[in-house]
Amino acid sequence: MSEYTTEIGINGIAGRMGQTILDTATKREDLTVTFGLDVAEADLSVPVYDPDEADDALTTHAPDVMVDFTVPEATTALVQ
């Protein structure tokens, strides 16, 4: 059992790789996916926000790590 849980946010969570990360993380005790960002609506086990709501989602959930499986333009928009 891990003493520390890394909280993850996933940009592009509705896509194939985003869902793979979500599925993998839910099987681990040391990882927790706290939310996702995606332009597509998705019914997942974590809250999914539109990228336009990224600032609010990041403030609310404050993940330790953001994983990004999107296009370069979406990545650039997220870090600005």
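FYI, it's all coordinate maths here, none of it is from the lab. Everything quoted here is computed from the prediction, not taken from an experiment. Positions of Cβ are generated from backbone atoms using ideal geometry, with glycine treated the same way; all protein chains shown enter the neighbour counts.
Add -39500 (n - 2.57) for each DSSP H run of 4 or more in the chain, then divide by its residues: what number comes out at 222 nm, to the nearest 500 deg cm²/dmol?
-9500 deg cm²/dmol
If only Cα atoms are counted, what is the Rg of the chain, and what is its Dmax, in Å?
12.0, 38
Give me, ordered by chain and number, the residues 5 or more places off residue 49 or on other chains with an amide H under 5 Å from its own placed amide H.
Under 5 Å from the amide H of residue 49: 36, 37, 38.
FRET efficiency for residue 27 and residue 60, Cβ-Cβ distance as r, R0 = 22 Å, nearest 0.05?
Between residue 27 and residue 60 the formula returns 0.35.
With +1 assigned to the C-beta of every Lys and Arg and -1 to the C-beta of every Asp and Glu, and no other charges, what is the dipole magnitude of the chain about the Cα centre in debye, to the nearest 20?
I would put it at about 320 debye.
Return one quarter of the surface area of the convex hull spanned by the alpha-carbon atoms of segment 1-40, equal to its mean projected area, in nm². Numbers along the way, then the final one.
On the way: hull surface 10.1 nm².
If you wrap the Cα atoms of segment 1-40 in a convex hull and average its projections, you get 2.5 nm².
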